[in-house]
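K.L.:
Just dropping this structure here.
The values are calculated or read from the model by the stated rules, or taken from the named source; none is laboratory data. Just so we're clear, the structure is a prediction, and the values are computed from it rather than from any experiment. Note: ideal-geometry Cβ built from the backbone for every residue, glycine included; neighbour counts use all protein chains shown.
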Amino acid sequence: MHGSRLTHPPEGSNRAHQPSIAFCFLYTGSRDVRSKGGLLTTVCCDASGGPAYALEGSVFIAGAAVQWLRDGLGLIKTAAETEALARGVESTGGVYFVPAFVGLGAPHWDMEARGAILGLTRGTGVKEVARATLEAMAYQTKDVVDVMASDSGEPLREIRVDGGGCQNDFLMQFQADLLGVRVDRPERIETTALGAGYLAGLGAGFWKDPAEIARLRRTQKAFSPAMPPDAARKLHDG
């Protein structure tokens, strides 16, 4: 969270880390917010070592679903191919992918759930499946973020993303469309290591205060919602 500068964010910002597993965090500072919708209250610390809190939601399968397309099904050779495939069709054609390979994480917590690809027809091809896989990552993130907004009582205004999955422009735009907020991708996407470096530098006196570090963050690309809210809601509702 320090790497994403969530400890000094615009009001209503949260972080979505999207490697093989996706983690979503909403920094609540000194407020110990207890979720009513299936999220975790994570104990953090501020830059001075004082107590702080965040709401956390874990999505068990995110980028790992793309790995399955590559290693399990042999549909792609590299994860990067999914973006061009997804853009090659206007929609999934009604196909939905539920990547519950090991159950469902937050906010559902259903360990007995298993994966499914629904809506297949004779016209379904690799492009539709690739697009449905990317969209599934965004749908799962929305499930978590919606609960965060409800639990915190604060409207969400921005998502700060990091991790390998955030390099996919199609996924980031679809995420912005679903959530109806700006999605911000930084120049340096490995922000976990970056945050550790920031804290080390602060402790060693290299930077004088957290505000100085906050000014170091640079946006590489921002994605604004481009889909009508009703259309986004219809897609999410299935």
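K.L.:
Kindly indicate whether ASP169 is without any contact (Cβ under 8 Å) to a residue 12 or more places away in the chain and acidic (Asp, Glu).
P.N.:
On the way: without any contact (Cβ under 8 Å) to a residue 12 or more places away in the chain: no; acidic (Asp, Glu): yes.
The answer is no for ASP169.
K.L.:
Of (1) modelled with pLDDT of 95 or more; (2) buried (at least 16 other Cβ atoms within 10 Å of the Cβ); (3) over 17 Å from the mean Cα position of the chain (by Cα); (4) closer than 19 Å to GLU190 by Cα, ALA80 satisfies all except one. Which?
P.N.:
(2)
K.L.:
Residue by residue through the range 95-117, note down the ones that are assigned to a loop (DSSP other than H, G, I, E, B), touching a helix residue (DSSP H, G or I) at 6+ places or on another chain (Cβ under 6 Å) and hydrophobic (A, V, I, L, M, F, W, C).
P.N.:
Within the range 95-117, VAL95, ALA106 meet the criteria.
K.L.:
Moving on. Assess whether SER13 counts as being under 20 Å from PHE174 (Cα atoms), out of contact with any Gly (no Cβ under 6 Å at 6 or more places or on another chain) and either surrounded by 16 or more Cβ atoms within 10 Å (Cβ to Cβ) or modelled with pLDDT under 95 (or both).
P.N.:
Yes: the conditions hold for SER13.
K.L.:
Can you work out which of the residues in the range 144-180 that are out of contact with any helix residue (DSSP H, G or I) (no Cβ under 9 Å at 6 or more places or on another chain) and β-branched (Val, Ile, Thr) is farthest from ARG87 (Cα to Cα)?
P.N.:
VAL147
K.L.:
Only one residue in ALA113, ALA130 is of a type in the set (Gly, Ala, Ser) and over 29 Å from ARG182 (Cα atoms), so which one is that?
P.N.:
Within the list ALA113, ALA130, the selection yields ALA113.
K.L.:
Also, quick follow-up: Return the pairs, sorted by first residue and then second, in which the second residue is in a strand (DSSP E or B) and not aromatic (Phe, Trp, Tyr), the first residue lies in the range 196-223 and is without any contact (Cβ under 8 Å) to a residue 12 or more places away in the chain, the beta carbons are less than 7 Å apart, and the residues are 6+ apart or on different chains.
P.N.:
The qualifying pairs do not exist here.
K.L.:
Just name the residue that is nearest to LEU134 (Cα to Cα) out of those in the range 164-185 that are surrounded by 21 or more Cβ atoms within 10 Å (Cβ to Cβ) and in contact with an Asp or Glu (Cβ under 8 Å, 6 or more places away or on another chain).
P.N.:
Filtering first and then ranking leaves LEU171.
K.L.:
Among the residues of the range 188-233, what is the count of those that are within 20 Å of the chain's Cα centre (by Cα) and more than 26 Å from SER48 (Cα to Cα)?
P.N.:
Residues meeting the conditions: 11.
K.L.:
Ok, one more. Does at least one position in the range 118-131 carry a residue that is surrounded by fewer than 16 Cβ atoms within 10 Å (Cβ to Cβ) and of a type in the set (S, T, N, Q)?
P.N.:
The answer is yes; a qualifying residue exists.
K.L.:
Please specify each residue of the range 189-223 satisfying the condition of being within 13 Å of CYS166 (Cα to Cα) and at pLDDT below 90.
P.N.:
ILE189, GLU190, THR191
K.L.:
Which number in (1) touching a Leu at 6+ places or on another chain (Cβ under 6 Å); (2) modelled with pLDDT under 95 marks the one condition that PRO155 misses?
P.N.:
Of everything listed in (1) touching a Leu at 6+ places or on another chain (Cβ under 6 Å); (2) modelled with pLDDT under 95, PRO155 misses just condition (1).
K.L.:
Mind telling me which of the residues LEU134, LEU120 ends up being outside the structural domain of ARG34 (by TED's automatic domain parsing), under 21 Å from GLY238 (Cβ atoms) and part of a helix (DSSP H, G or I)? Working first, answer last.
P.N.:
Numbers: LEU120 fails: part of a helix (DSSP H, G or I).
Just a single option satisfies the conditions, and that option is LEU134.
K.L.:
Then there's this: Test GLY29 against the criterion of being more than 18 Å from ASP162 (Cα to Cα), assigned by TED's automatic domain parsing to the domain that holds ALA204 and touching a strand residue (DSSP E or B) at 6+ places or on another chain (Cβ under 6 Å), and give yes or no. Working first, answer last.
P.N.:
On the way: more than 18 Å from ASP162 (Cα to Cα): yes; assigned by TED's automatic domain parsing to the domain that holds ALA204: yes; touching a strand residue (DSSP E or B) at 6+ places or on another chain (Cβ under 6 Å): yes.
Against the criterion (more than 18 Å from ASP162 (Cα to Cα), assigned by TED's automatic domain parsing to the domain that holds ALA204 and touching a strand residue (DSSP E or B) at 6+ places or on another chain (Cβ under 6 Å)), GLY29 qualifies.
K.L.:
Continuing with the same structure: Of all residues being surrounded by fewer than 18 Cβ atoms within 10 Å (Cβ to Cβ) and modelled with pLDDT under 85 in the range 16-67, which is nearest to GLY205 (Cα to Cα)? Just the residue, please.
P.N.:
Result: SER48.
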